[in-house]
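Take a look at the structure set out below.
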Amino acid sequence: MVIEDYLRLACGLFFLPHLVLKFVFLKDTEAFFARAGFRHPRPTIYFDAVVEIIVATMLIAKIYVPVAACLAAAHLLVAAGAVWIANGHTWRWNRGGPEYPIFWAIMCLLVAKASWP
């Protein structure tokens, strides 16, 4: 395995605990989605989960990696925007800012670039 494979796996595997915790703390997740401005938080959470399952599976299994990585990056940038709106305009992740999803999105874009044919 080369470094790109480790990064691809990390980008894909990190979706799994993120996905599980979204449903473990469903009421908090729903409140967050409402604060972020989504009109129908519960269906949006389920849509979000489906996207994360698809992206994680594709990245882990090495299926259409450039497409999966670009989709993951787009998804994470939307999440970063939602965090920015819901939690106030702060940068640092430990203060509720979008720093972490933006970093993760950049790593996904690096995976896409490295795996582009």
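The values are calculated or read from the model by the stated rules, or taken from the named source; none is laboratory data. Since the structure is predicted, the reported quantities are computational estimates derived from the model, not experimental observations. A quick note on method: Cβ atoms are made from the backbone with ideal geometry, for glycine too, and the neighbour counts reach across all protein chains shown.
So the values come out like this:
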{"read-out": "Qualifying residue in segment 71-84 (condition: part of a helix (DSSP H, G or I), free of Cβ contacts under 8 Å to residues at least 40 places away in the same chain and farther than 18 Å from Tyr100 by Cβ)", "value": "yes"}
{"read-out": "Odd one out for Thr90, checked against (1) at pLDDT 95 or above; (2) of a type in the set (Val, Ile, Thr); (3) surrounded by fewer than 20 Cβ atoms within 10 Å (Cβ to Cβ)", "value": "(1)"}
{"read-out": "Given (1) at pLDDT below 95; (2) part of a loop (DSSP other than H, G, I, E, B), index of the condition Glu4 fails", "value": "(2)"}
{"read-out": "Residue among Phe47, Phe32, Phe23 that alone is buried (at least 19 other Cβ atoms within 10 Å of the Cβ) and in a helix (DSSP H, G or I)", "value": "Phe32"}
